[in-house]
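Visitor: Pasting a structure below so you can have a look.
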Amino acid sequence: MQYFNYNQEKPTSSVNNISVLSGLNEEEWEMIIFNSHSIDFLADEILLKEGEVDNALYILVSGKVEVLSSSLFGREKILACIEEGSVFGEISFFDNLPRTASIRSLTAGKVLRISHKSFDKIAAWNPKIAQQLLFDLGRLLAYRFRNKAIL
Amino acid sequence: MNKPAFPNYTQLPSRLPPAIWWFFRGIVLLITFLQIYLLFFKPEIGLVLFWQLLIPLLPLSFAIVPGVWRNICPMAFLNQLPRKFGISKEKTLSENLKKVALYTSVIAFIVFVLFRHPVLNHSGVYLGLVLLLALFLALVGGLIFKGRSGWCGTFCPLAPIQKAYGHAPLLVVKNGYCEPCLGCQKNCYDFNPRAAVFSDLNDPDTWWSEKRKFFIALLPGLIIAFFNISYSAEMTLLQYLTSMLMPMVTSVGLFYILHNLFNVGFYKLASLFSMAALSLFYWYGTPVVAKGIFILFDISISEFLITIFQYFVAVVSLLVIIRGLFSEYQHKKSQLNSTQAVIGVGDVGTLQSALSHTQSLVQITEESTGSKLVLQPGKTLLDAIEEAELPIMPGCRMGMCGSDPVVITNGMEGLDPPGEAELTTLRRLGLEGKARLACCCKPKKNISINLKADLSPSTGEEDNQNHELEQSGTLEENDDDLFKIIIIGNGIAGISTAERLREKDSECKITVITKEAYPFYNRMGLEKVLYGRTALQDLYLMKEDWYKENNINSWLNTQVNRIDTENKQIILAIGKAVKYDKLVLATGATAFVPDQPCYQLPGVFTLRNADDALNLRAWVQQNSVKRAVILGGGVLGVEAIEALLEIGLDVSIVNTGPYLMNRQLDEISGDILSKFLVNKGVKVFTNTGIKDIVQQADIKQVELGNGEILKTDIVLLCIGIRADIALAKTAKLITNRGVIVDEQMRTSDPDIFCVGDAAELPDAIGGLWAIGSDQGKVAANVLLGEDDYYSTKSLPTVQLKVSGIDLKSFGALKESHDGYAINKYGSFTGGIIRWTYVVSKKGVLVGGVFVNTPMVANNVISASKEIDNVLTSEELQNLFLIDEKVIKKGKIW
């Protein structure tokens, strides 16, 4: 769990995280890469901006980023720190509404940007992967919804 | 910086300097040994002191500031001494031992309490021995295991009760032992005091979480039993234990009933039960303590004070519960925020390695947005810009239309020089040396571009309204001495003619007349008008003042009724006659619409010119169209699909041929295209045509040749184009399907030329930009007196403009004739299908199809352009070698 990250560096396996696209082989990833777009970033760049309209999904290939949200009186609040392998941007990916939080890079790294167009292409070449991605993200949203309902 | 809801030990303030803590630890250890001494040698004082004064201090301190006891506990002190002196073996407690430890500590605590009545309450010796044993074990634990894992967080019988009462501390005190943390135990209370309870109760290992719950569940029962049941000599031990067990079982039962029947969450139950236990403990215990104080110090405490204290504890319990509820809220909130999708650790490796394989190092920096794009091998700058969803207007993708000029701000010199088509286009746009066309540009080194740099052929808003009626020149014929050339039509053929004329002759009077209401625009971008936001603005391919700058008269929205060859003049629909010395017909072609009445129904469209696109878009919006049927599976039909999908329609496509684009593709590539489109949600019907369209209420029913019926709202006809020869007929020119011309583009009238789609010349395929452009230049040269002949310089190339599939075709795909050799190559990796099919005759390339093999396509097509290039079979093979994927992973089909 995230509160017992004893060595402060590497996160312990987060049981809360929902794994997506697990078990794809290199060629399947190549297909995704071929149909999407990778972006290199440096430390301290804003990758996503809260309130911006953009519905792409991102996979953090390498590097570390943090999730920021502006709280009352415009002060920014760090919600989480995201490690490589994380997927972000899923809310706007589904509802096409403005971004709910900003993403700022802590280190240099690389993201894979899957726009709706990319997704359509991926789906057209390999519907199974697209289906898998949607179900995985659906599980994440269901998890949040279920917990929100209890909250 | 906000205070974290669940601070770990590094984020907690130090409330006291370490030296003070060590001092207190020493004092407490001394008191403990004094206590043990009293138990052995003065048990009548020792027992009262222990049970009725010292022990009752602990639970309340656990609830209010659990950190204090964790810092000064004598067992912890002894446990931590080996670490302090560096003599601990620092072994890691195995996962199994961690579980056993929890078990042992819980059982030890319960046994300890159960044996108070029979033994420990009365026997100083036994109690003293138990305490000594505990101290000894704590020390041994510290000698063997690292951190506090040998006792405090694990085997210590006091730990479970401390964690239960201290689940939501009112005050957090930083642990003073573990700097730095060794990560020795699971869900360590010292590491994160507020989060420990949540991690314990929600632990995915039920072995762990259930034991925590179970212990808390029985706690109130244990306390009730302890204070209400006494052990007497008449009872057997078994009877005593059984009667003690009953309240505990009831308590546990109640806990789970509340959870299962009333859906109370485990955290709330745990909080409620532990605080109930605390209140009960002091409710029963305060009078006992009062008695102890009386015995020890001869001070009597009034009933009133006792009651006050009992209520005080109840209030503390309530506060802890409230603090706990707040923590629970914060915890849930943080869980929601922190839960995210991840690809597994192994998968990240696979992804990184896949990325390292597929990517060259070419990086493009777009300066206006700061985006950094990575160019994949074989892809163009246009592909990269489109992929990143940056603003660009793709057109022909072959460097001819000029819709996608991009300013290279850095690295221009490192690019391959523009090819002939690109260069001509850049000259037309006046951008030679200033920009490159994204579709032709394949940088091999990093470059920077700026998409916002001011270049666009259609400039700012204020000019837009002028387009429609912008005319220049006059009808007055006061310049009789000038050589007058009239060009009818302002498509690529007409514009190329005008451009070349002006380039070669600055004197002659050039007039371009067109019935369309728009200046020269990008016909290949028409689909974008259907779903884009800018109507036609982005399609204009000329700078606003191009006509003026080049001294060319332009007549938009002007219909020519007939040509009067005798008087060498044309008659406009508005009645005027305009004289010419030479006339160039560039009237182009119109979409073919069959004569049957069903094709004249409203809602049946073509997509050939700007008005078609605007009308179709308007109709779709006004009639809330949901479905579309495209008739014709050629290039135009297939390219229309994407625009219709983009505006959210259900699309079906009907092709009379055996597969889609059967003129340009071989059967396998046709099938690949079909599969791709079907996966995009398109319904593909081949080998059949439309028999009839029936309008029923708002819905059209399209009856196919094979009997199937498709319901639709609109029908889009993409079944070819017909040369527009109506005007030529008024001049009695010789026409067939088009206007018959010679290789100098001259019609049967020596003063009239015809170029582009309207002209008919063997080998020149209609509908292609390259041909219209070339013919225009030839006509211009010839009518200025040069000796020029049109010849098909290269085999016609088609690049399918559908995103997601890279499909190129060139030449002809004759298969069955003698002497033709076919090379086929295919591979299927990870869902990407690659296919190459090349036809050659005696070493001369005559045609080919390339699906997702852009680099091979480039190689083969540029080889085919070298005239008289006869390839050996080895050279032919080498053309394929460029795309390693095809060679390495593919198999020969």
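The values are calculated or read from the model by the stated rules, or taken from the named source; none is laboratory data. Not measured: the values here are computed from a predicted model. Backbone-built Cβ (ideal geometry, glycine too); neighbour counts: all protein chains shown. Keep in mind that these areas ignore ligands, DNA and RNA; they rest on the heavy atoms of the full protein, side chains included. Shrake-Rupley method; radii C 1.70, N 1.55, O 1.52, S 1.80 Å.
Visitor: Within the set of other residues whose C-beta is less than 12 Å from the C-beta of A:Lys49, count the net charge using Lys and Arg as +1 and Asp and Glu as -1.
Guide: Numbers: positive: A:Arg99, A:Arg104; negative: A:Glu45, A:Glu50, A:Glu52, A:Asp54, A:Glu76.
In short, -3.
Visitor: Report the percentage of all Cα-Cα pairs in chain B whose separation exceeds 42 Å, rounded to a whole percent. Show your work: numbers first, answer last.
Guide: Details: 223314 of 398278 pairs.
Value for chain B (Cα pairs over 42 Å): 56 percent.
Visitor: If you look at just the Cα atoms of the range B:194-313, how large are its Rg and its Dmax in Å?
Guide: 17.6, 53
Visitor: Would you be so kind as to identify which of B:Thr307, B:Leu258, B:Gly344 lies farthest towards the positive end of the dipole of the range B:232-374, taking Lys and Arg as +1 and Asp and Glu as -1 on Cβ and the Cα centre as origin?
Guide: Among B:Thr307, B:Leu258, B:Gly344, the one farthest towards the positive end of the dipole of the range B:232-374 is B:Leu258.
Visitor: Enter the Cα centre distance for the pair the range B:21-38 and the range B:505-547, rounded to the nearest angstrom.
Guide: So the separation of the two Cα centres works out to 95 Å.
Visitor: Now for a separate question. Rg/Rh for the range B:1-100: what does it come to with C-alpha atoms and Rh from Kirkwood? Could you put the intermediate results ahead of the total?
Guide: Numbers: Rg = 17.3 Å, Rh = 16.5 Å.
Radius of gyration relative to Kirkwood radius: 1.05.
Visitor: Show me the three semi-axes of the equivalent ellipsoid for the range A:31-118, from the C-alpha gyration tensor (sqrt of 5 times each eigenvalue), largest first, rounded to whole Å. Don't jump to the answer; show the numbers that get you there.
Guide: Working: eigenvalues 88, 54, 16 Å².
Here the semi-axes work out to 21, 16, 9 Å.
Visitor: Restricting to the protein assembly as shown, compute how many DSSP beta bridges are antiparallel as a %, nearest 5. Let's see the in-between values first.
Guide: On the way: 84 of 123 bridges.
Taking every DSSP beta bridge with both residues in the protein assembly as shown, the antiparallel ones total about 70 percent.
Visitor: For the protein assembly as shown, list log₁₀ I(q)/I(0) at each q in 0.06, 0.09 Å⁻¹, using the Debye formula over Cα point scatterers of equal strength and ignoring solvent, two decimals each.
Guide: -0.64, -1.01
Visitor: Quick one: check the C-alpha center-to-center distance for the range A:99-140 versus the range A:34-68, whole angstrom.
Guide: 11
Visitor: Under the Kirkwood approximation applied to all pairs of distinct alpha-carbon atoms, what is the hydrodynamic radius of the range B:9-334 in Å?
Guide: Working: mean 1/r = 0.0487 Å⁻¹.
Computed over Cα pairs of the range B:9-334, the Kirkwood hydrodynamic radius comes out at 20.5 Å.
Visitor: Can you pull the mean other chain C-beta count within 10 Å for peptide A:81-88?
Guide: Numbers: counts 1, 3, 3, 7, 11, 5, 4, 3.
The mean count of partner-chain Cβ atoms within 10 Å per residue comes to 5.
Visitor: Now for a separate question. Contact order normalised by length for chain B, with contacts defined as Cα pairs under 8 Å and 6 or more residues apart; what percent is it?
Guide: Values: 1557 pairs, mean separation 65.6, N = 893.
Over chain B, the number comes to 7 percent.
Visitor: Write down the percent of antiparallel bridges among all DSSP beta bridges whose residues are both part of chain B, to the nearest 5.
Guide: Working: 58 of 95 bridges.
Antiparallel bridges make up about 60 percent of those DSSP assigns within chain B.
Visitor: Which three lengths, in whole Å and largest first, does the range A:71-128 cover when its Cα atoms are put on their principal axes?
Guide: 45, 27, 15
Visitor: In chain B, which longest range has no trypsin sites (Lys or Arg not before Pro) that are both DSSP loop (not H, G, I, E or B) and surrounded by at most 10 other Cβ atoms within 10 Å? Intermediate results must be reported in sequence, preceding the final value.
Guide: Details: sites that count: B:Arg533, B:Lys842.
Looking at chain B, B:1-532 is the longest stretch - no exposed trypsin sites (Lys or Arg not before Pro) with at most 10 other Cβ atoms within 10 Å.
Visitor: In whole angstrom, note down how far apart the Cα centers of the range B:767-802 and the range B:219-251 are.
Guide: The range B:767-802 and the range B:219-251 have Cα centres spaced 105 Å from each other.
Visitor: From zero up to wherever the largest Cα-Cα distance of the range B:553-673 sits, split into 10 Å bins and tell me the percent of pairs in each.
Guide: In order of increasing distance, the bins hold 10, 30, 25, 20, 13, 2 percent.
Visitor: In whole Hz, what ³J(HN,Hα) sequence does the range B:72-80 give by Karplus (6.51, -1.76, 1.60; θ = phi - 60°), x for Gly and Pro?
Guide: My calculation for the range B:72-80 gives 10, 3, x, 5, 4, 4, 5, 5, 8 Hz in order.
Visitor: Also: Helix-only mean residue ellipticity at 222 nm, chain B, DSSP H runs n ≥ 4 weighted -39,500 (n - 2.57), per residue, nearest 500. What is it? Let's see the in-between values first.
Guide: On the way: 27 runs with 371 residues, N = 893.
-13500 deg cm²/dmol, from helical runs alone.
Visitor: Average partner chain C-beta neighbours within 10 Å, per residue of A:124-134?
Guide: Values: counts 13, 12, 5, 4, 1, 2, 2, 0, 0, 1, 0.
That average works out to 4.
Visitor: Still on this model: Which peptide among A:48-59, B:402-413, B:232-243 comes first, and what is the full order, when sorted by highest mean count of other Cβ atoms within 10 Å?
Guide: On the way: A:48-59: 17.8, B:402-413: 19.9, B:232-243: 11.2.
Top to bottom by mean Cβ count within 10 Å: B:402-413, A:48-59, B:232-243.
Visitor: Computed on protein heavy atoms with a 1.4 Å probe, what is the summed buried accessible area for the chain pair B and A, in Å² to the nearest 100?
Guide: Using a 1.4 Å probe, the pair buries roughly 6100 Å².
Visitor: If you bin the C-alpha pair distances of the range B:313-421 every 5 Å from 0, what whole percents do you get?
Guide: Using 5 Å bins, I get a P(r) of 2, 8, 11, 13, 12, 9, 7, 6, 6, 5, 5, 4, 4, 3, 2, 1, 1, 0, 0 for the range B:313-421.
Visitor: Here's a follow-up. Using only the alpha carbons, work out the radius of gyration and Dmax of the range B:529-596 in angstrom.
Guide: 16.7, 48
Visitor: Still on this structure: Before anything else, pin down the relative contact order of the range B:127-196: Cα pairs under 8 Å, at least 6 apart, normalised by residue count, whole percent. Kindly include the intermediate steps, with their values, before the conclusion.
Guide: Values: 48 pairs, mean separation 20.4, N = 70.
So the answer I get is 29 percent.
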